[in-house]
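The values are calculated or read from the model by the stated rules, or taken from the named source; none is laboratory data. The structure displayed is predicted, hence computed values, not measured ones. Note: ideal-geometry Cβ built from the backbone for every residue, glycine included; neighbour counts use all protein chains shown.
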Amino acid sequence: MSPRLYVVGFPELAPADAQLLQQLRARYHPTQADRIGPHVTFAFALPPEAEDALAAQVDAVAATTAPIAFTLRKVTPVADAASGRAYITLVPHRGHLAMIDLHRRLHDGPLERYREPAIRFEPHLTVGMFESADESVAGIADRIAAEIRDAGAAEGIAGRIAALTIVVEAAGAVTERRRVALRAG
């Protein structure tokens, strides 16, 4: 697989919430948990030749975007028909529309050709991946929701996205290329 570029936001979280998300990902998404920490992905799988345009777009968008406060409340199982896999995601309640707008602005201009129009962007933080989308995934999602409530986050996990980070995935590793602070506001 050739290298692919992504734009992610690593959330700033309370220490207990960060630890909880890391533990959930280690348990339910181990193939990614040791490669990249909890994150929201805003641009997906761009080719290496897009790096200069991507860096310029990230700089421009970050300069006009304030940090995004969010609350992750909803635990959602998602079946991926293309791969047959299932995912468990945490979807933001507060901050949802700001994240959608950020994704849209990242794909304006020269990066528009890399956006897949058939795929609707839904902001989320993935905590689990499963090889098949069977009924057990819904039960695991319920257990994760209970674990989050039991950890004292009954109203959700609050945090903020304060920077955009360009990462490259190549040869089974994820490497940070650059981080740009969100600075409007």
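Observations on the model:
- Taken together, the criteria exclude GLU49 from residues that are acidic (Asp, Glu) and within 16 Å of the chain's Cα centre (by Cα).
Residue by residue, here is whether (1) at pLDDT below 95; (2) touching a Phe, Trp or Tyr at 6+ places or on another chain (Cβ under 6 Å) holds:
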residue	(1), (2)
GLY9	no, no
LEU13	no, no
ALA16	yes, no
LEU20	yes, no
LEU24	yes, no
THR31	yes, no
THR41	no, yes
ALA45	yes, no
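- Any hit, the stretch 166-174, residues being under 21 Å from GLY9 (Cα atoms), among the acidic types (Asp, Glu) and surrounded by 13 or more Cβ atoms within 10 Å (Cβ to Cβ): yes
- Tally, over the stretch 145-165, of residues that are assigned to a loop (DSSP other than H, G, I, E, B) and either hydroxyl-bearing (Ser, Thr, Tyr) or surrounded by 13 or more Cβ atoms within 10 Å (Cβ to Cβ) (or both): 4
- If the condition is being touching a strand residue (DSSP E or B) at 6+ places or on another chain (Cβ under 9 Å) and either charged (D, E, K, R) or not in a strand (DSSP E or B) (or both), then the stretch 118-138 contributes ILE119, PHE121, GLU122, PRO123, HIS124, GLU131, SER132, ALA133, ASP134, SER136, VAL137, ALA138.
- Residue in the stretch 114-127 that is of a type in the set (S, T, N, Q), modelled with pLDDT under 95 and more than 30 Å from ALA50 (Cβ to Cβ) present: no
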